[in-house]
Amino acid sequence: MENPAYRANAADRCFYCKDELFSVLDAIAQQRGFVATAYGVNADDTLDFRPGHRAAQNIAYWRHCLTQACAKRKFASFRSAPDCRLGTAPPPHASPLRVPYGTEVTPERLTMIERGEAALRELGFRQFRVRLHDQLARVEIAPEEMDRAFSKETCAAISQA
């Protein structure tokens with residue numbers, strides 16, 4: 001939160017977040033004597049606008065295993081995950097920041113989002129997002145969970161939360 005470029009929340013916001021994250025992780029890796037640190041980018045990720053990737057390139061010892069070794073695509077990576085002793089199911093997608101570009105990132109806004117997502121988790125949802133738009137929270141729920149989300153009781157609980 002100390003970095004004004006991150007708080008400004010421009011289109012390249014992911015660079016500033018990942019730059020901080022990777023710098024901290026790199027220091028830990030070096031303290032522990034690791035030769036390299038793996039970054040889970042895959043070939044599909046290189047086709048999107050992902051400013052955070054630039055941050056990993058700034059650190060000498062980061063390895064982009066899934067793109068460097070075999071140019072794997074996202075779901076191919078999950079199919080081969082058992083060979084790497086990784087879980088086999090794709091994790092629920094969750095974008096790191098759910099505040100529209102240009103809206104300042106503040107601790108208060110992040111807390112509101114966290115509270116909304118905690119409420120959805122308590123209601124038993126597994127794959128969801130809460131996006132903040134001024135005084136409006138937009139709730140996104142995976143298609144396979146929509147029937148339950150639209151029940152009268154659950155709608156009331158989500159609205160209350």
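Quick note: the coordinates plus some simple rules give every number you see, no bench work behind them. All figures in this text were calculated on a predicted structure; none of them were measured in a lab. Methodologically, a virtual Cβ is constructed for each residue, glycine included, from the backbone with ideal geometry; neighbour enumeration extends over all protein chains shown.
Annotations
- Long-range HN-HN contacts of Ala137 with modeled amide H, under 5 Å: none
- Computed 3J(HN,Hα) for the range 8-18, one whole-Hz value per residue from the Karplus formula 6.51 cos²θ - 1.76 cosθ + 1.60 where θ = phi - 60°, is 5, 6, 7, 4, 9, 4, 4, 4, 5, 5, 5, glycine and proline marked x.
- Prolate/oblate/rounded call for the range 1-60, Cα gyration tensor, a/c under 1.5 rounded: oblate
- Using a Förster distance of 45 Å, the FRET efficiency for Ala38-Asp147 (Cβ separation, nearest 0.05): 0.75
- Local charge for Glu117 was computed over the other residues whose Cβ lies under 9 Å away, with Lys and Arg +1 and Asp and Glu -1, and equals +3.
- Burial ordering of Met146, Met112, fewest other beta-carbon atoms within 10 Å first: Met146, Met112
- Here Ile28, Ile158 are placed in order of increasing Cβ neighbour count within 10 Å, fewest first, which gives Ile28, Ile158.
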